[in-house]
Amino acid sequence: MCGIVGYLGKRNAYPVLIKGLKRLEYRGYDSAGVALLTENGDLRVYKTKGKVSDLESFASDKDTTGCVGIAHTRWATHGEPNSTNAHPHISYTGNLAIIHNGIIENYAVLKKQLQEKGIEFKSNTDTEVLVQLIEYVRTRKNFDLLTSVQVALRAVIGAYAIAILDKDDPDQIIAARKSSPLVVGIGEEEFFLGSDASPIIEYTDKVIYLDDKDIAVIRRNKEVEVVDFHNAKMNHDITKVELNLAQIEKGGFPHFMLKEIFEQPDCLRDCMRGRVNVDANNVVLSAIIDNKERLMNARRFIIIACGTSWHAGLIGKQLIENYCQIPVEVEYASEFRYSNPVINEKDVVIAISQSGETADTLAAIELAKKRGAFIYGICNAIGSSIPRATHTGSYIHVGPEIGVASTKAFTGQVTVLTMLALALAKERNTISNEEYLSLIAELDAIPNKMVELLEQGEKIKEISRIFTYARNFLYLGRGYNYPVALEGALKLKEISYIHAEGYPAAEMKHGPIALIDEEMPVVVIATKNVLYEKVLSNIQEIKARHARVIAIVSKDDVTVKNMADAYIELPHTMECLEPLLATIPLQMLAYYIAVCKGKDVDQPRNLAKSVTVE
Ligand code: G6P
């Protein structure tokens, strides 16, 4: 959601900004823009609806000189996606340009007050209110820009990451954040800004991650100064980013999503490295060692997350309840935060988030913290807001995920939840040694089984071709594979725009069966586990209504293979680990169907990778 890039230094800013915006495209957006302080002292703003490439075409015959600039990709919240509402926005004097990620909640009140003072607005955005307010404070009170920003931000309610340029001061960019991420990159006599480190790493690995209510003053030939809204100095360490360019490029794959699907075996090896130790026969998570008493004595776990991470949470619930004998609740963060939940200091909240920036999950964490719960984060993006807001946690270590539809982060999250359940169960003595050892060996074998599964790519591609006609899909699974059905359906709707629903297989007869006919393909996860026979009956019921069945089956299965119209074979594993394998063919099915339909797989319409507004 909304990407921010900034540059101040010795290079031509425009190419750095455009490249930076492209690195942030994965976040999801519908318009783009850039503001430059050009060589002849002008403040030039170019913006367009559409992609960064549209912005490039638009600016191709314009003045793009200058060594200072800010740029933005906008995901529309207030006002439709068009070039007027696109950022940067300019103040009424024409001197200030602002870019903003987030939402100004009291924008309507502020806008009314400013309009009453005669200030005219050009766009429908909440962002324009901010730049007009800053300019109003500056001109009326004769304050410098920093003071004006501080005064204005004290009046603003909402979430934001902003960057501001001043036509009269070409050696400065001012940036600030509250609840939306912002990173400052520090090079040799040059500075960068980014919503995350991806637009920066090409030039420097030294960054400052801004905290909430930080204002960074970036000045040519000076050290970056960070102050708060009342001008108190904030001390920040310069951090080294552990991210390389290869990790954020496609590496020969047509889409990031396909690259990320195929990376999963390596990702899980990275995720388990030093944690699942087959030689020592143990599972070690430092967060559990460091917080043993707190976690061992938890009265209850509450998992909070959104989207795909919530599906991983549903699997986590089964793992923790089965192996640790501790009750677990799984809540949508967006519902939890407004639900007045009964929580106390005996509760442990597990917050799961790929991006570490999801606004609802962050707000839910703050609420749970206030009520005394201990917070355990499971995140991917290193140094993001959620890991910094939690008491402890485990990174999933699957590398940057760029495709909007989450793939490798899901299997990484499930792997961390499995390790957490095993390590805690061992401490609590709620798992037999035999089962613990077999799970360790089997977990360690999962990456190789994933490789075997990925070899069926061509077959899955063929199956996908047959089913692109469908307008609706049903996904069914039971037990550990019920959340897999939900995740499979979500993948399909996210990227192919085909309506799809996931259901626990036995619930089919309480509603979805009414929809089943020859037009509606049903994907059934029918592996040979304890519920196999029950799922077989569901397949009979589906076939009796002439629907086509795509089955995910165990390798040695005969019965389902004979009943299904198409099947994909899964290598054998223990039941609780099946989601790590069964999800992969569903990711591929969704991917190939979306490609066949000519959809923009990596940046599906209306979706954002990092949902920084509620
Ligand atoms: C967005 C993304 C999903 C993701 C969800 C939660 O909707 O498109 O892929 O699952 O946000 O994001 P998080 O970063 O908190 O896991």
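Readers should treat all values here as calculations from the given coordinates under stated rules, not as data from a laboratory. It should be emphasised that the depicted structure is a prediction, and the values quoted were computed from it without experimental measurement. Cβ placement follows ideal geometry from the backbone for every residue including glycine, while neighbour counts extend to all protein chains displayed.
At each listed q (0.14, 0.15, 0.17 Å⁻¹), what is the log10 of I(q)/I(0) that the Debye formula gives for region 456-614 modelled as equal alpha-carbon point scatterers?
The calculated log intensity ratios at q = 0.14, 0.15, 0.17 Å⁻¹ are -0.64, -0.74, -0.95.
For Ala544 and Lys346 in one chain, what is 0.36 nm times their gap in residues minus the Cα-Cα distance, to one decimal in nm? Present the calculation step by step, with values, prior to reporting the outcome.
Details: separation 198, 0.36 × 198 = 71.28 nm, distance 5.04 nm.
Between Ala544 and Lys346, full extension yields an extra 66.2 nm.
So what's the gap between the Cα centers of region 95-125 and region 547-596, to the nearest angstrom?
52 Å
Straight-line reach only, C-alpha to C-alpha below 23 angstrom: list the lysines that Lys370 could link to, leaving out same-chain residues fewer than 8 apart.
The qualifying lysines are Lys178, Lys213, Lys292, Lys346.
How large are Rg and Dmax for region 429-484 when only the alpha carbon atoms are used, in Å?
When restricted to Cα atoms, region 429-484 yields Rg and Dmax of 17.2, 52 Å.
What trypsin sites (Lys or Arg not before Pro) does region 380-485 have in DSSP loop regions with at most 16 other beta carbons within 10 Å? Could you put the intermediate results ahead of the total?
Working: sites: Arg388, Lys408, Lys426, Arg428, Lys449, Lys459, Lys461, Arg465, Arg471, Arg478; in loops: Arg471, Arg478.
Those that pass, being in a loop and sparsely packed, are Arg471.
Return the ratio Rg/(2.2 N^0.38 Å) for region 145-187, where Rg is computed over Cα atoms only. Walk me through the numbers on the way to the answer.
On the way: Rg = 11.4 Å, N = 43, 2.2 N^0.38 = 9.2 Å.
In units of the globular-protein estimate, region 145-187 measures up at 1.24.
How large is the convex hull of the C-alpha atoms of region 1-157 per residue, in Å³?
On the way: hull volume 16.9 nm³, N = 157.
Looking at region 1-157, the number lands at 108 Å³ per residue.
For the chain, give me the percentage of DSSP beta bridges that are antiparallel, rounded to the nearest 5 percent. Display every interim value, and only then the final one.
Values: 61 of 101 bridges.
Percent antiparallel among DSSP bridges in the chain is about 60.
Sort all Cα-Cα distances of region 126-284 into consecutive 10 angstrom bins from zero, then give the percent of pairs in each bin up to the one containing the longest distance.
Result returned by the calculation: 9, 30, 26, 18, 12, 4, 1, 0.
Classify region 251-453: rounded, prolate or oblate, from the alpha-carbon gyration tensor (a ≥ b ≥ c, eigenvalue square roots; a/c under 1.5 rounded; otherwise prolate if a/b is larger than b/c)?
Values: a/c = 1.99, a/b = 1.13, b/c = 1.76.
Oblate shape, in that a/c is at least 1.5 and b/c is the bigger or equal ratio.
Sticking to Cα atoms, compute the Rg of region 496-562 to one decimal and its Dmax as the biggest Cα-Cα distance, whole number, in Å.
My reading of the Cα-based Rg and Dmax gives 11.8, 34 Å.
Out of the GluC sites (Glu not before Pro) in region 497-547, which ones are loop residues according to DSSP with at most 11 other C-beta atoms within 10 Å? Could you put the intermediate results ahead of the total?
On the way: sites: Glu501, Glu507, Glu518, Glu519, Glu533, Glu541; in loops: Glu518, Glu519.
Passing both the DSSP loop test and the Cβ count: Glu518.
Rounded to two decimals, what ratio of Rg to Rh does region 272-311 give with C-alpha atoms and a Kirkwood Rh? Could the numbers behind the result be given before it?
Values: Rg = 13.7 Å, Rh = 12.5 Å.
Expressed as Rg/Rh, it is 1.09.
If each residue's Cβ is checked for other Cβ atoms within 10 Å, how do Leu258, Leu443 rank with the fewest at the top?
By the 10 Å Cβ count, ascending: Leu258, Leu443.
Relative contact order of region 98-142, please, whole-number percent, based on alpha carbon pairs below 8 angstrom and at least 6 residues apart. If you can, show how the numbers build up before the last one.
Values: 21 pairs, mean separation 20.7, N = 45.
Normalised by residue count, the contact order of region 98-142 is 46 percent.
How many lysine pairs does region 1-122 hold where the Cα atoms are under 25 Å apart and the two sit 8 or more places apart or on different chains?
Eligible lysine pairs with Cα atoms under 25 Å apart amount to 23.
Going through region 1-94, which trypsin sites (Lys or Arg not before Pro) have at most 14 other Cβ atoms within 10 Å and a DSSP loop state?
Values: sites: Lys10, Arg11, Lys19, Lys22, Arg23, Arg27, Arg44, Lys47, Lys49, Lys51, Lys62, Arg74; in loops: Lys10, Arg11, Lys51, Lys62.
Of the trypsin sites (Lys or Arg not before Pro), the ones in loops of region 1-94 whose Cβ has at most 14 other Cβ atoms within 10 Å are Lys10, Arg11, Lys62.
Can you list the lysines whose alpha carbon sits under 17 Å from that of Lys493, skipping same-chain ones fewer than 8 residues off?
Within the straight-line cut-off, Lys493 pairs with Lys597, Lys599, Lys609.
Rank these for me by crowding, Tyr475, Tyr46, Tyr92, going from fewest to most other beta carbons within 10 Å. Intermediate results must be reported in sequence, preceding the final value.
Numbers: Tyr475 29, Tyr46 22, Tyr92 18.
The fewest-first ordering by Cβ neighbours comes to Tyr92, Tyr46, Tyr475.
Sorting Ile18, Ile200 on the 10 Å Cβ count, fewest up front, what's the list? Write down the numbers at each step before the final one.
Numbers: Ile18 22, Ile200 28.
The order, fewest Cβ neighbours first, is Ile18, Ile200.
How compact and how long is region 438-520, expressed as Rg and Dmax of its alpha-carbon atoms in Å?
15.4, 43
Hey, rough spin-label estimate for Val284 and Glu575, points 7 angstrom out along Cα→Cβ, what's it come to in nanometres?
3.2 nm
Per the Kirkwood definition applied to all pairs of different Cα atoms, how many angstroms is the hydrodynamic radius of region 8-66?
It is 11.8 Å.
Label Arg219 and Lys233 with points 7 Å out from Cα along Cα→Cβ: what is the distance between them in nm?
1.3 nm
Whole-Å semi-axes of region 322-429's equivalent ellipsoid, largest first, each the root of 5 times a Cα gyration tensor eigenvalue? If you can, show how the numbers build up before the last one.
Values: eigenvalues 89, 74, 28 Å².
For region 322-429, the ellipsoid semi-axes come out as 21, 19, 12 Å.
So for the chain, what are the equivalent ellipsoid semi-axes in whole Å, largest first, each being the square root of 5 times an eigenvalue of the Cα gyration tensor? Don't skip to the end; give the middle numbers.
On the way: eigenvalues 408, 149, 95 Å².
Value: 45, 27, 22 Å, ordered largest first.
For region 130-208, what relative contact order do you get, as a whole percent, if you take Cα pairs closer than 8 Å and at least 6 residues apart? Each step should come with its number before you reach the end.
Values: 94 pairs, mean separation 14.3, N = 79.
Computed value for region 130-208: 18 percent relative contact order.
Less than 11 Å Cβ to Cβ from Asn481, Lys/Arg counted +1 and Asp/Glu -1: what total charge do the surrounding residues give?
Numbers: positive: Arg478; negative: Glu487, Glu575, Glu578.
For residues surrounding Asn481, the net value is -2.
Add -39500 (n - 2.57) for each DSSP H run of 4 or more in the chain, then divide by its residues: what number comes out at 222 nm, to the nearest 500 deg cm²/dmol?
On the way: 20 runs with 225 residues, N = 614.
After summing the helix terms and dividing by residue count, I get -11000 deg cm²/dmol.
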